Structures are given as C-alpha cells and as structure tokens.
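Coordinate-derived values only; no laboratory data. Model, not experiment: these values are computed from the prediction. All Cβ positions, even for glycine, are placed from backbone atoms using ideal geometry, and neighbour counts span all protein chains on display.
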Amino acid sequence: MQETDENIRQISPGVHCFQGTPGYSGRRFAPAEVSSEMSESSSAAPKWSIGEARSLYNIDRWGAGYFDISEEGHVVARPLHDKGASVDITDVMGEARGRGLKFPLLIRFQDILRHRVQAINEAFRTAITEFSYQGRYRGVFPIKVNQLREVVEEILEAGKAYNFGLVVGSKPEMFAALALQDQVGGLIICNGYKDSAFIRMALLGIKLGKQVIMVVEKLEELRQIITISRQMGVEPMVGIRVRLLAKGAGKWAESGGENAKFGLSTVEILAACEMLKAEGLGQAFKLLHFHIGSQVPDILTVKKAVQEAARYYAKLRKLGFEIAYLDVGGGLGVDYDGSHSAFDSSTNYSLQEYANDIVYYVADVCNAEKVPHPDIVSESGRAIVAHHSVLVVEVFGSIHKTGLTDKLTFGDNEHPLVRELIDIKKNLQRLNKLEAFHDAAERREDAHNMFVLGLMELQDKAKIEGLYWQISQAVVATFRGQAYIPEEIRKLEDSLGDQYLCNFSVFQSLLDHWALGQLFPIMPIDRLEERPDRETTLVDITCDSDGQINKFIDLRDVRDTLPVHTLRQNGQTPEPYYLGFFLMGAYQDIMGDLHNLFGRVNELHVFLEPDEPAGYYVEDVIEGSTIAQTLTSVQYDENELKRQMKAQMDAAIKSDRLKPSEAMRLLDDYERGLKDYTYLGS
C-alpha cells in the first residue's frame with residue numbers, strides 16, 4: 001500500500017513503525033553501551049548528512065519555510081522565507097549571553113508575524129478573485145492567543161494595509177484594544193460574556209469612530225446592550241453567535257456543537273431578531289458569528305460548518321436584516337508535527353485550501369439563496385502567532401539506567417542470583433533473547449522480594465539491578481531493525497531511554513503539553529551535523545513528577561523519546577547543550593503557571609534589517625521574572641522578607657552562632673538573590 005500524507009498515521013496500527021530515513025535503522029537509536037560501540041567503529045558507520053537531520057526532526061515539514069538547518073548543523077530562522085536573511089539561532093543565543101541574559105530564553109521573530117498576517121490576507125484575496133466573490137475579507141486577531149503588547153502592535157502594524165482588526169473577550173482586553181486600534185473604522189469584535197462596564201467601553205469605541213461589534217452570547221446580553229446604548233445615545237453594533245449543529249474536531253471539538261458554552265439556538269436567534277425589530281434596531285445587526293473550536297485538524301469539519309452558517313446568514317438576510325459580516329471564528333490549525341494529516345497536532349489542509357473552501361461555500365450558498373455576499377471575518381490567532389517564537393532551554397545533566405554499571409566488580413563468592421545473571425549476560429548470544437530477558441526480569445523480582453524481607457544486602461541488590469539493565473540493553477539491541485518487535489521489548493526500549501534534565505518549567509512554558517497533550521516540535525539547536533546517538537525524555541526543574549515531556553512529534557506515530565546527542569565534557573566542565581521548542585507563539589506565553597514560582601522567561605525580539613552586517617538586529621529585551629517579583633505575586637513583600645532575615649541574623653550574632661561579618665555577608669547574599677532569575681544559574 002502506498003503511503004500518503006493523509007493516511008500515514010493509519011498505516012499498520014499497533015505495529016512498531018520505522019522512520020525510513022537513510023542511515024537511520026529504526027525508530028529508536030542505540031542507547032548507552034550500543035552507542036559506545038557505534039562510536040568506536042565510526043569509520044564503518046554510514047555518514048550523517050544535514051538532509052537526514054531535516055528528515056529525522058521533520059523540520060522541513062512543520063517549519064513551514066520559517067526554520068531550517070544550516071550546513072554548519074545549526075537551526076536557522078527564515079522569517080520572510082527566501083526574501084530575507086537567515087538568522088542563526090546560535091548567534092542570537094550568543095548575543096543574549098553577551099547581554100547577560102540566562103536561559104531559558106524565548107526568541108521572538110517579529111517578521112514572522114508580519115509574514116503570517118500578509119499570508120492569510122493574500123490567501124483570502126486569491127480565493128476572492130478565483131471565485132468572483134463580491135465581499136471583502138476582514139481578518140481580526142484574537143488578543144487572547146497572545147496578549148503581549150509588542151505582538152499585538154506588530155500584527156496591527158502589519159495589518160494596516162488590510163484593515164486588520166482585533167478580537168477581545170474580556171474587559172482588560174477591551175481596554176487594551178481601544179487604545180491600540182487607533183484607526184477610524186478599525187474593527188473590534190467583542191466575544192465572551194459582557195457586563196455593563198464592558199458594554200460601555202464598546203460603545204465608547206463606536207463614538208470614537210471604530211466598528212466595535214458586540215457578539216451576543218446569550219439573549220439577556222442583548223437587552224442590556226439596548227438599554228445601555230439608549231442611555232449613552234449610541235446606536236450599538238450587534239453580532240449574534242449561532243450555535244451550530246456542526247461540531248469541531250480534535251482536542252477542542254467539544255467547544256462547538258449544540259452543547260457549546262456560547263451562542264444562541266435557532267429559537268433564540270429569532271427572538272433576538274424580534275427584539276431588535278421591536279426596538280427599531282434591525283439595522284444594528286451587523287455580524288453573524290460561529291466558532292467550531294481551536295486547532296481544527298480536518299478540513300471537512302470546516303466545510304460543513306461554513307455551509308451551515310452561510311445558510312443561517314442567507315435566511316436572516318431574507319428576513320430583512322442587512323448583515324454585513326459573516327465571522328467564521330477561529331479554528332485554522334497549525335501543522336505542529338508536519339504530517340499533513342487529520343491528527344490532533346496536525347492539519348490535512350493548507351492555508352490556501354482553508355481560504356478557498358470558506359470563500360467558495362459562502363458564495364455557493366449566497367448565490368443559491370440570491371442574497372448579497374457578506375464580508376468574511378476570520379479569527380485565526382493561532383495560525384498567525386504560533387511560528388514566531390522559539391523557546392531555547394539548556395540541558396544541564398542526564399539520568400540513564402545503565403549509569404555506573406560498568407563500575408561494578410564481581411568476585412568468586414557472589415550471591416546465587418548475581419551468578420545467575422552473570423551467566424545470562426555471558427551466554428546471551430546463544431540464548432533465546434526474549435527468554436533470557438524474562439529470566440533476568442524474574443531474577444530481579446526475586447532480588448527485590450528478598451531485599452524487602454531483609455534477606456539480601458544492598459551491594460548484592462545493586463549488582464543485580466546493574467546486570468539486569470545491561471542484559472536488557474543487549475536484548476533490545478538484538479531486536480533493533482527487525483520487522484516486528486514484541487510490545488514488551490518496545491516498552492523496555494523506552495524505559496532504557498535517558499532522561500535529560502532541562503532548565504525550564506513545563507507548567508510555565510509548555511502548559512498545553514501538560515494539560516492537553518499538545519505536541520510541539522522539539523529538537524537540538526546545534527550539533528545537527530552529527531548523528532544523534534541517544535534517546536531521551538525531558539524533565540524540567542520543578543518538583544512535580546508531571547514536569548516532563550515523554551511524547552514527541554513523528555510522521556507515523558507519537559514518539560516516546562527524542563533523538564539527541566551525548567552530552568560532552570570539556571575537562572571537568574560540561575559543554576552546553578541546547579534544545580529548541582518551536583511553534584510556541586500561541587497561548588503558551590499567557591497561560592503559564594507559576595508552579596514552584598518559576599516565572600516568565602527572558603525574551604529577545606529579533607527584526608530583520610538588510611543594513612545590519614548579520615541581516616538582523618535585536619530590538620528589544622524583556623527580562624524574565626525575578627525571585628522577588630514571583631514572591632510578590634503571591635503576597636510576599638520584599639522589604640518585609642529582608643526585615644525578617646535581618647532579625648534572624650541579629651539573633652544569630654547575639655547567640656554567637658554567626659560572627660557579625662559573616663552574618664552581614666550572608667544577608668547581602670540573600671538580598672542580592674531576590675533580584676536573581678527564578679531559573680537555575682551556572
């Protein structure tokens with residue numbers, strides 16, 4: 001059967017699949033002992049190429065032209081694709097270090113934001129031309145996806161030529177949008193539940209000449225909008241969210257459909273229409289809205305929803321409501337894994353196909369119903385901002401099962417279970433490998449039971465565990481490259497993988513992975529000219545067992561480990577090793593959790609500039625949270641903490657536990673430490 005992008009995830013379910021990359025024998029690399037054997041005979045090993053690195057990490061697929069690997073083996077960003085400079089991320093990291101910034105570090109490529117705004121607008125313009133559509137496209141950016149001022153400002157600046165607008169869903173977002181959207185006629189869509197203060201701010205925006213459309217989420221809101229608009233002497237601009245029967249797909253599927261949190265049923269829509277007519281405000285009904293959920297992976301879902309919503313629009317137009325806009329909501333997905341499939345972390349459609357289908361089906365319904373084509377609004381926040389930011393984290397250590405096992409020494413009078421495992425290891429080549437593993441596992445279980453009962457010494461238990469892992473590693477190596485691998489061997493292979501210790505917090509920087517299982521592309525930032533020789537999961541520095549990443553993108557299946565390189569030592573000092581977390585721009589910045597009080601990370605904002613020697617410059621630095629700042633967020637006062645520590649130092653001096661000079665030095669360390677970055681230092 002020929003594999004295609006669309007069915008690639010469905011081939012041979014439950015069977016251990018292989019990557020098929022030249023020079024890459026299987027879905028796992030040889031850990032520990034086998035890796036050292038490979039390095040010793042590296043002259044005989046197949047050469048490694050940059051092309052193979054691209055294929056292994058799928059960067060040429062999920063990178064969408066924005067990221068690639070240089071011939072030096074470094075990840076580079078191409079914010080304007082081939083129309084601008086390539087930015088070596090290791091060079092940006094060097095500049096960050098030169099400015100005294102520590103890792104983790106978030107790098108924002110602001111030109112990618114501009115490119116994405118242009119891409120989505122041009123895609124709809126192309127579709128409008130192709131299908132002779134009579135309306136316009138009016139894109140809006142939902143501030144909730146990334147509220148950072150620099151991000152919103154960059155999007156608005158890039159969108160001026162397209163009359164690009166904003167979406168708000170809360171009062172704070174409303175206040176920000178009113179100030180930032182300074183164009184007369186600028187579009188602001190107001191989603192979410194609203195109180196009187198929210199409504200008054202929206203009406204203020206109308207007085208300032210903006211098109212501020214309040215989307216009615218429940219019938220009671222419409223009554224309140226009408227009452228307050230009468231009080232302020234402003235005719236409101238009203239939108240109505242229709243609760244479609246069509247549901248979304250993927251992780252956010254339940255946010256749409258007839259049981260959705262927001263929107264009006266057909267009966268409620270008719271009631272709202274009667275209310276507007278009765279108040280003489282039929283002309284205030286400006287927009288019809290629907291939403292089928294975030295990150296919709298399947299284009300068929302979009303087609304069905306658009307057809308249903310367009311039919312609502314057409315019928316309402318026939319009832320005499322001159323609705324100007326049809327808002328198709330969010331949902332335009334991002335291909336996080338590069339598989340181009342209907343998998344949750346992917347999309348089986350392109351941006352152009354998305355725009356084509358929306359324009360075509362709206363036009364088709366309107367033509368059939370003989371009603372005017374509305375202006376199309378989309379709230380595609382994720383697709384605009386996801387690609388523009390990269391989180392760089394430093395690996396500062398590793399944990400692996402076979403560590404120190406080569407230090408074990410054995411004598412003539414070993415425990416009987418130790419001797420049995422030595423025999424299994426010595427004769428493994430002529431034994432049935434699966435049976436040998438079962439025997440080793442049984443001996444290990446026997447040893448555990450004896451230890452718990454006090455019948456085995458700690459030294460013997462250590463030797464048994466070390467031998468068990470050595471045997472397991474050798475057994476796994478014999479299955480590598482075979483067409484079929486037993487399930488228990490695959491699980492054993494995963495358990496043999498390393499754990500790389502990374503200086504970051506999953507809860508602060510990668511919340512969607514922890515909470516929703518969202519997959520993000522992760523790969524080394526450099527050394528990509530070398531063949532990766534380890535398999536690992538990633539663990540963060542929080543004291544929570546959930547602070548780990550053990551699911552990674554793959555074309556055919558979700559990987560349980562990430563291919564990486566062996567950490568190197570420069571004498572007694574470990575060489576830095578950095579991993580990049582990509583497509584981080586949507587939601588992760590704002591939804592971070594202060595678990596263990598690890599705060600926001602340091603940021604660099606990069607702009608392309610042809611006049612600069614490197615082709616780019618760093619415009620802005622936003623320093624991450626200090627210890628004092630995160631403590632303040634949970635009601636600790638910095639000065640009070642200092643006062644309490646000073647009192648303890650004075651007491652220690654009086655009781656002769658500390659000399660005055662030492663106490664003052666320690667107090668100074670404490671006070672200076674409050675200004676430190678919350679993450680680990682060197």
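Summary table below
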{"item": "Value of relative contact order over segment 184-379, rounded to a whole percent, pairs C-alpha under 8 Å and six or more apart", "result": "17"}
{"item": "Net +/- balance of residues flanking K675 in space, Cβ distance below 13 Å, scoring K and R +1, D and E -1", "result": "-3"}
{"item": "Relative contact order for the chain, counting Cα pairs under 8 Å that sit 6 or more residues apart, in percent", "result": "17"}
{"item": "Listed peptides 134-141, 105-112 by packing density, highest first (mean Cβ within 10 Å)", "result": "105-112, 134-141"}
{"item": "Using θ = phi - 60° and Karplus 6.51 cos²θ - 1.76 cosθ + 1.60, couplings along segment 292-309 (whole Hz; Gly, Pro as x)", "result": "10, x, 7, 6, 7, x, 10, 5, 4, 4, 5, 4, 4, 5, 5, 4, 5, 5"}
{"item": "Compactness of the chain - radius of gyration and Dmax, Cα, Å", "result": "29.8, 100"}
{"item": "Burial order of peptide ranges 264-271, 491-498 (average beta-carbon count within 10 Å, highest first)", "result": "491-498, 264-271"}
{"item": "P(r), alpha carbons of segment 184-379 - 10 Å bins starting at zero, rounded %", "result": "9, 35, 34, 17, 4, 0"}
{"item": "Under 5 Å, built H, 5+ apart or other chain: amide partners of M237", "result": "M214"}
{"item": "Cβ-defined net charge surrounding V117, 14 Å radius [Lys, Arg +1; Asp, Glu -1]", "result": "0"}
{"item": "Environment charge at I653 (Cβ cut-off 10 Å; Lys +1, Arg +1, Asp -1, Glu -1)", "result": "0"}
{"item": "Residue exposure sequence - V452, V87 - by fewest surrounding Cβ within 10 Å", "result": "V452, V87"}
{"item": "Residue order, fewest to most surrounding Cβ atoms within 10 angstrom, among M232, M201", "result": "M232, M201"}
{"item": "Acute angle (nearest 10 degrees) that the helix 89-98 long axis makes with the longest principal axis of the chain, alpha-carbon atoms", "result": "80"}
{"item": "Backbone HN-Hα couplings from phi across segment 321-329 [Karplus 6.51/-1.76/1.60, Hz, Gly and Pro as x]", "result": "8, 7, 5, 8, 10, 10, 9, 8, x"}
{"item": "Set of aspartates and glutamates near K646 by C-alpha distance (under 13 Å), chain-local residues within fewer than 8 positions excluded", "result": "E638, E662, D668, D669, E671"}
{"item": "Members of K102/K675; K160/K315; K426/K551 lying beyond 24 Å, as alpha-carbon distances in this model show", "result": "K160/K315; K426/K551"}
{"item": "Rounded to 5, percent antiparallel among DSSP beta bridges of the chain", "result": "50"}
{"item": "Helix 219-232 axis, angle to the chain major axis (alpha carbon atoms, nearest 10°)", "result": "60"}
{"item": "Residues F598, F507 arranged by fewest to most Cβ contacts within 10 Å", "result": "F507, F598"}
{"item": "For peptides 94-104, 627-637, sequence by mean Cβ density within 10 Å, most packed first", "result": "94-104, 627-637"}
{"item": "Positive dipole terminus of segment 508-574, leading residue within Q569, L538, I553 (C-beta point charges)", "result": "Q569"}
{"item": "Mean ellipticity per residue at 222 nm, deg cm²/dmol - from DSSP H runs of n ≥ 4 across the chain, formula -39500 (n - 2.57)", "result": "-12000 deg cm²/dmol"}
{"item": "Per-residue ³J(HN,Hα) for segment 649-663, Karplus 6.51 cos²θ - 1.76 cosθ + 1.60, θ = phi - 60°, Hz, x for Gly and Pro", "result": "5, 4, 5, 5, 5, 4, 8, 6, 6, 9, 7, x, 5, 5, 4"}
{"item": "Filter on K286/K370; K83/K171; K171/K207; K171/K210; K144/K642 - keep pairs with C-alpha separation over 28 Å", "result": "K83/K171; K144/K642"}
{"item": "Folded to 0 to 90 degrees: helix 351-369 orientation relative to the chain principal axis, Cα", "result": "30"}
